[in-house]
Amino acid sequence: MKTLLRTVVLLLISATAIAGIGSLKPYTGDLTPALELTDLDGKVHNLEDYRDRVVMVQFWATYCAPCRTEMPSMNRLQAQLGEENFKILAVDMAETEAEVRAFVEEVKPEFTILMDESGASIGAWQVFAAPSSFIIDTQGKIRYTLFGGVEWDDPE
């Protein structure tokens, strides 16, 4: 199942890159799916707990080249905006803890990494490409989406 999921995700990443997708777009859906997952330290994070700040929920994978490339700019964005006003919740897409820990040791993300080993949140959030990012306002509503990698601290 995981091999099939990885193959599908890689194909979608390629299609995304070819299509030139990579800018924030207004979200047209009505509801923000629930999200409650644990981080690498076993702490539970519930999206509802971040209602007082803007949150970026990003779905990513260790085998995703655009994910690896954009994470340093996500570190800089988090540092620039500060955790009091802005929070990044980066959801790994159905990989093992060992795979994620090895990636984290190498890339050194400075934001919260959440584990979704079962991949259940991928379906709930209708994720079809990695990376997929959702910008949620202070009331918990998705406002913008972005499918594909981007330099998050680029002035544009």
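The values are calculated or read from the model by the stated rules, or taken from the named source; none is laboratory data. For clarity, every value in this text was computed on a predicted model and none was experimentally measured. When we count neighbours, we look across all protein chains shown, and the Cβ atoms used for this are built from the backbone with ideal geometry, even at glycine. When the accessible area is computed, the model is the full protein with side chains, heavy atoms only, and any ligands, DNA or RNA have been set aside. Shrake-Rupley method; radii C 1.70, N 1.55, O 1.52, S 1.80 Å.
Key figures
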quantity	calculated
Helix-only CD estimate at 222 nm, as mean residue ellipticity for the chain, using -39500 (n - 2.57) per DSSP H run (n ≥ 4)	-10500 deg cm²/dmol
Shape category assigned to segment 99-156 from the gyration tensor of Cα positions, a/c cut at 1.5	oblate
Rounded accessible area per residue of the chain, 1.4 Å, Å²	53
Which labelled figure in (1) 38, 19, 10; (2) 21, 18, 17; (3) 25, 17, 15 is semi-axes √(5λ) of the Cα gyration tensor in Å, once derived from the coordinates	(2)
Net charge, I136 excluded, C-beta distance under 13 Å - Lys, Arg +1, Asp, Glu -1	+1
Sum of side-chain charges, T32 neighbourhood, beta-carbon under 14 Å (Lys, Arg +1; Asp, Glu -1)	-2
A102 versus D41: modelled label distance in nm, points set 7 Å from Cα along the beta carbon direction	2.5
Surface accessible to a 1.4 Å probe, D41 within the full protein complex, Å²	140
Top of E105, E70, E95 by mean-square fluctuation, Gaussian network on the chain, Cα under 10 Å	E105
